[in-house]
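The structure appears below as structure tokens.
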Amino acid sequence: MRRSPYKKSLGEKLFIGFIYLFFIVYAIVALFPFLNVIAKSLSSEGAVIAGLVSIYPIGFQTGTYEYVLSNPLFLNSFKVTIFITVVGTFLSLLMTVLSAYPLSKPNLVGRKPILLIYIFTMLFSGGLIPSYILMRELGLVNNVWVLILPGMISVFNMLIVKNFLEGLPEGLEESAKMDGASNLTVLIRIALPLSKPVLATIGLFYAVALWNSYFAAMVYITDPGLKPLQLYLKELIASTQQTMLTAGEIDLSRDLNTTPDSVQAAAIITATVPILIVYPFLQKYFVKGAFVGSVKG
């Protein structure tokens, strides 16, 4: 009797079982540090100091989050990061599309030299010192726009969008132009609605990069009121003082029943959760947009 093509052999079942087991173990290993940080942020002072906290809280308390969320420096840096992420993502997407759309047209005069210039800037940069001098001469040092304008276009992301646009049906654009539509009208009413997958993907790339960025702020920003969240966290975690945060001295064990390590953990979780919330809304576009944009052309 011939075996059904849908019935798996013993070897196939064992292989699939091994794959499932591997990814379950991998997921647990990947999640353990994150769960450990959450547990520390919710555990009591004694449990954290004694090293008893693993992946679940011991001596549950919420004083750390109350302190973090009421810290003026944390709240200010949180606002700065939200502004940088929202405005920076919008401007980056705008400039990326305006660059990618004309470069996706084979009949564009000078297309290849322009692409070579873009790729050259992706491979080589002027260096940190010339960049700092340029930002200083432009008056952008200690200015929140220095965290947005210099990196407004990623050449890699622009090439993905360009390749995606090259794959759109040419007949749609030709029909629109026969009806009198301009290039801008074709871009806004035809190209952009069809490009939602790649735009969502690239927008997520930009948003995550802007949210996690701290190096530019570390170089160009010295004003505490302009420091983004990630730079605030870096300075908080790097601090060697056990009873002082950047907002001022405080006896954490007396007032909150917790430790500076717990406060650091709570700050990290509070800064991580907002960007994680964005992923489910863009997940359906993510794989399609990145795949098509990266292999076409």
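Odds and ends about this structure:
- Subset of region 258-287 that is of a type in the set (Ser, Thr, Tyr) and under 22 Å from Phe205 (Cβ atoms) - its residue that is modelled with the highest pLDDT: Thr272
- Residue ID - nearest to Thr85 (Cα to Cα), chosen from residues in region 211-228 that are of a type in the set (Phe, Trp, Tyr) and surrounded by 15 or more Cβ atoms within 10 Å (Cβ to Cβ): Trp211
- Condition met for Val53 (over 30 Å from Leu168 (Cβ atoms), buried (at least 20 other Cβ atoms within 10 Å of the Cβ) and among the aliphatic types (A, V, I, L, M)): yes
- Per this entry, Lys13 is not counted among residues that are modelled with pLDDT of 85 or more, in a helix (DSSP H, G or I) and among the charged types (D, E, K, R).
- Residue pairs meeting the criteria (Cβ under 7 Å; at least 6 apart or on separate chains; first over 17 Å from Phe215 (Cα atoms), in region 121-141; second among the β-branched types (Val, Ile, Thr)): Thr121/Val155; Met122/Val155
- Index of the failed condition, Val208 passing every other in (1) surrounded by fewer than 21 Cβ atoms within 10 Å (Cβ to Cβ); (2) in contact with a helix residue (DSSP H, G or I) (Cβ under 7 Å, 6 or more places away or on another chain); (3) more than 28 Å from Leu73 (Cβ to Cβ): (3)
- Flag for Leu138 being out of contact with any Lys or Arg (no Cβ under 6 Å at 6 or more places or on another chain), at pLDDT below 90 and among the hydrophobic types (A, V, I, L, M, F, W, C): no
- Breaking point among (1) within 20 Å of Ala100 (Cβ to Cβ); (2) under 26 Å from the mean Cα position of the chain (by Cα); (3) not hydroxyl-bearing (Ser, Thr, Tyr), for Val144: (1)
- Here region 39-59 is the region considered, the condition is being among the hydrophobic types (A, V, I, L, M, F, W, C) and in contact with a helix residue (DSSP H, G or I) (Cβ under 6 Å, 6 or more places away or on another chain), and the residue that is nearest to Leu226 (Cα to Cα) is Val48.
- Filtering region 96-128 to residues that are of a type in the set (D, E, K, R) and in contact with a Lys or Arg (Cβ under 8 Å, 6 or more places away or on another chain) leaves Lys105, Arg111.
- Subset of region 117-129 [surrounded by 10 or more Cβ atoms within 10 Å (Cβ to Cβ) and either in a helix (DSSP H, G or I) or among the basic types (Lys, Arg) (or both)]: Ile117, Tyr118, Ile119, Phe120, Thr121, Met122, Leu128
The values are calculated or read from the model by the stated rules, or taken from the named source; none is laboratory data. What you see is a predicted model, and the numbers here were worked out from it, not measured in a lab. For neighbour counting, all protein chains shown are included, and Cβ atoms are generated from backbone atoms with ideal geometry for every residue, glycine included.
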